[in-house]
Amino acid sequence: MRSVAVVGAGQSKFGRRNDARLDELAWESVKQAMDDAGIVQNDIDSFVVSTVGGWSAELLPAVFVGEYCGLEPKPTMRVEAACASGSAAIYQAYSSIASGLADVVAVVGVEKMTESPTSVAVELIGRAGNYFWEFENFGMTFPGYYALYATAYLSKYGATEKDLAEIAIKNHYYGSMNPKAQFQKKVNLDEVMSSKYVAWPLKLLDCSPITDGSAAVILASEKMARKLTKDPIWIRGIGAASGTANMSLREDFVGLKAARLAAKSAYQRAGFDGDPKKLDLAEVHDCFTIAELLAYEDLGFSRKGGGFKMAREGQTYKGGVLPVNLSGGLKAKGHPIGATGVSMVGEVTRQLKSQIKGDRQADIRNGWGLVHNIGGTGHYAYVTLLSQDKGGQ
Amino acid sequence: MTSKLVSPKQRQRKKPLTDSQIVVDEKTQLPQLVSRRVLEQRYVIPVVRIMPFYRNLMKGRLVGTRCKVCGATYFPPRGDCCKCGSSDMSVKKLSEKGELVSFTKIFVKPSSFSQFPDYMVGVARMEGDLKVLSWLRGVQPDRVKVGMKVAVKIQKRVEDGALEYYLEPAPS
Ligand SMILES: [Zn+2]
């Protein structure tokens, strides 16, 4: 396998973006990413578009985006892995470069969720999972699914809703420093605890919002990366796994098996021993506060049942064991579903290059960062390790 | 003497043609096209291989399936065994008793469930190890505990006529 590097990254402002159509929104990121990499469309061999859709017009987003961005007639496809679509698109681009099929691939994640009313978005996200057995008769929602995990977790380990709130407080704190975040304001414990229940025990401020946004990264082979930049960030390993569609087929509700398998596989491929102190930062999938706690444990940052103590002790702020979600996470930065995974990889890339302005820049000591991106409720899982060091040979 | 003559061109300029689908968003004051094309969508899904499930449900029994070749059991029921490749399946009656594994109460509902009062959903591990996800009825949220004993019941739902299986607390 050939080495693959991130050589450019771009991201739009996240939020309610009714100033731009899907293709226009995608262009904002594609242009930034191409400028960052110092390339033009002609230098790109193929592009992968990550969009979940259903709430927005245009059923063939890859060609719609490709035409607007001047990428036609390059080969393309739309990739879907629910909220992990962005990582799946990166996995696809990474594979085509690693295998020698391409040298430079653009990955574009874009979502326009506010083209439909909020109630329609809630409906569509709830339908994802298993429509036939769980949605048709029982009207499951996405917060409802993660609430099943929250209830089981709190009950088993004696964690509290206040522990969940700590995640929201931390991520809003960092989001307040991110000019591209949907919510650039801090929240306090009272505000989180007094927000309305969405799916007990999860409250409004435990949930990521409905977001429009785009993100793009340019991946390149070693030969091209060396030509384009003096500081490529290497993709050292991607691990992926899937879970059952039906919740009734899950073994337990206190962790995501797919995430544990994806982490194990990514760690093996990257030759990483799983010690969180060796990472400078992690972006993890906090679509709900409980999801971040599960991530600490599934990724091995803490022992099983110890994730909420990390949150309680503030161990995932800068200065703790490992800073997590310095971007504000999905919680505050926003969660434009198809763009999220691409945005996470772009963020870790910029962090490892110390390009972030202000206090949310991580201290880069080891040159390693991690991205954990989950689709659905552990239906899909992707873990990606990035490093300043190419490694091997 | 008083009225001025205007050319057809000038008249057009004074009173432009309008398009009712271009509207200004109230919050952001940004112009939007509101699509005129409305789609209503209703799925039609085959139940050929799981008809025994519905026939039993109509008799008040909740069943899964068991593979006649390798003995694997399934809930939700299915017509094909992915463990051994056989499609020779028999009905497997689920135990009516189980233990609650987790639960939630849905306050923000999908639009297609807006006619329902807020509902509770539970997952229970039934005796014999198959799990069931359904609504949890007959108990106040503050009285529900993970691990409590539950039973499966079947009824015709008032609001939409669905023949539903649901969980309710059982005497332990
Ligand atoms: Zn079998």
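The values are calculated or read from the model by the stated rules, or taken from the named source; none is laboratory data. Everything numeric here is computed off the predicted structure, so don't read it as measured data. Note that we place each Cβ from the backbone using ideal geometry, even for glycine, and neighbour counts take in every protein chain shown. For accessibility, only protein heavy atoms count, side chains too; no ligands or nucleic acids. Shrake-Rupley method; radii C 1.70, N 1.55, O 1.52, S 1.80 Å.
When you check A:I218 against the structure, is it within 14 Å of chain B (Cβ to nearest Cβ) and under 19 Å from A:A339 (Cα atoms), yes or no? So A:I218 fails the test. Considering the conditions (1) within 7 Å of another protein chain (Cβ to nearest Cβ); (2) closer than 20 Å to A:I374 by Cα; (3) open to solvent by 40 Å² or more (accessible area, probe 1.4 Å), A:A128 is excluded by exactly one of them, (1). Residue-level check: of (1) at positive phi; (2) buried (at least 24 other Cβ atoms within 10 Å of the Cβ); (3) without any contact (Cβ under 8 Å) to a residue 40 or more places away in the chain, A:Y296 misses just (1). Each residue in segment A:299-309 was checked for being under 21 Å from the mean Cα position of the chain (by Cα) and open to solvent by 10 Å² or more (accessible area, probe 1.4 Å), and 3 of them qualify.
Just for segment B:149-172: of the residues that are of a type in the set (G, A, S) and within 17 Å of A:F132 (Cα to Cα), which one is most open to solvent (accessible area, probe 1.4 Å)?
Taking segment B:149-172 and keeping what is of a type in the set (G, A, S), we get B:151, B:161-162, B:170, B:172.
Remaining after also requiring within 17 Å of A:F132 (Cα to Cα): B:161-162.
Working: B:G161: 35, B:A162: 18 Å².
Ranking the qualifying residues of segment B:149-172, first place goes to B:G161.
Taken over segment A:221-242, residues that are open to solvent by less than 50 Å² (accessible area, probe 1.4 Å) and either without any contact (Cβ under 8 Å) to a residue 12 or more places away in the chain or within 14 Å of chain B (Cβ to nearest Cβ) (or both) amount to 0. For segment A:147-161, state whether one or more residues are away from every other protein chain (no Cβ under 14 Å), closer than 26 Å to A:E283 by Cβ, surrounded by 21 or more Cβ atoms within 10 Å (Cβ to Cβ) and touching a residue at least 60 places away in the same chain (Cβ under 8 Å). No - not one qualifying residue is present in segment A:147-161.
Taking (1) within 23 Å of A:T118 (Cβ to Cβ); (2) away from chain B (no Cβ under 14 Å); (3) open to solvent by 70 Å² or more (accessible area, probe 1.4 Å) in turn, A:R21 satisfies each apart from (2). Does A:R350 fit the bill of being open to solvent by 20 Å² or more (accessible area, probe 1.4 Å), closer than 30 Å to A:G53 by Cβ and among the basic types (K, R)? Yes: the conditions hold for A:R350. From the set of residues in segment A:176-203 that are under 18 Å from A:L293 (Cβ atoms) and under 24 Å from the mean Cα position of the chain (by Cα), which is farthest from the other protein chains (Cβ to nearest Cβ)? So, considering only residues that are under 18 Å from A:L293 (Cβ atoms) and under 24 Å from the mean Cα position of the chain (by Cα), the one farthest from the other protein chains (Cβ to nearest Cβ) is A:V187.
Of everything in segment B:77-93 that is within 14 Å of another protein chain (Cβ to nearest Cβ) and open to solvent by 80 Å² or more (accessible area, probe 1.4 Å), the residue that is nearest to the ligand (Cβ to nearest atom) is B:K83.
Of everything in segment B:61-76 that's more than 13 Å from every other protein chain (Cβ to nearest Cβ) and away from the ligand (no atom under 11 Å from the Cβ), which residue is surrounded by the most Cβ atoms within 10 Å (Cβ to Cβ)? Before the answer, list the steps.
Filtering segment B:61-76 down to residues more than 13 Å from every other protein chain (Cβ to nearest Cβ) leaves B:61, B:63, B:65-71.
Next, only the ones that are away from the ligand (no atom under 11 Å from the Cβ) stay: B:61, B:63.
Numbers: B:R61: 16, B:V63: 20.
Only one residue tops the list, namely B:V63.
Among the criteria (1) surrounded by fewer than 23 Cβ atoms within 10 Å (Cβ to Cβ); (2) under 18 Å from the mean Cα position of the chain (by Cα), the one A:S214 does not fulfil is (1).
What tally of residues in segment B:139-156 results from selecting those that are at pLDDT below 95 and assigned to a loop (DSSP other than H, G, I, E, B)?
We begin by selecting, within segment B:139-156, every residue at pLDDT below 95; these are B:139-143.
So of that shortlist, the ones also assigned to a loop (DSSP other than H, G, I, E, B) come out as B:139-140.
The number of residues fulfilling the criteria is 2.
Any residue in segment B:46-60 that is free of Cβ contacts under 8 Å to residues at least 40 places away in the same chain, more than 14 Å from the ligand (Cβ to nearest atom), within 14 Å of A:W133 (Cβ to Cβ) and assigned to a loop (DSSP other than H, G, I, E, B)? Yes, segment B:46-60 contains at least one residue that is free of Cβ contacts under 8 Å to residues at least 40 places away in the same chain, more than 14 Å from the ligand (Cβ to nearest atom), within 14 Å of A:W133 (Cβ to Cβ) and assigned to a loop (DSSP other than H, G, I, E, B). Could you list, ordered by first residue, the pairs with Cβ atoms under 7 Å in which the first is in segment B:109-124 and more than 8 Å from chain A (Cβ to nearest Cβ) and outside any helix (DSSP H, G or I) and the second is of a type in the set (F, W, Y) and open to solvent by less than 50 Å² (accessible area, probe 1.4 Å), at least 6 apart or interchain? Sorted first by the residue in segment B:109-124, then by its partner, the pairs are B:M120/B:F103; B:M120/B:W135; B:G122/B:F103. In the set (1) facing chain A (nearest Cβ under 10 Å); (2) open to solvent by less than 20 Å² (accessible area, probe 1.4 Å); (3) more than 16 Å from the ligand (Cβ to nearest atom); (4) among the hydrophobic types (A, V, I, L, M, F, W, C), B:V101 fails one condition alone, (2). For segment B:4-25, the criterion of being away from the ligand (no atom under 16 Å from the Cβ), open to solvent by less than 40 Å² (accessible area, probe 1.4 Å), touching a Pro at 6+ places or on another chain (Cβ under 8 Å) and aliphatic (A, V, I, L, M) is satisfied by no residue at all. Considered as a group, the residues in segment B:125-136 that are more than 9 Å from chain A (Cβ to nearest Cβ) and open to solvent by less than 20 Å² (accessible area, probe 1.4 Å) include one that is farthest from A:S248 (Cα to Cα), and that residue is B:L136.
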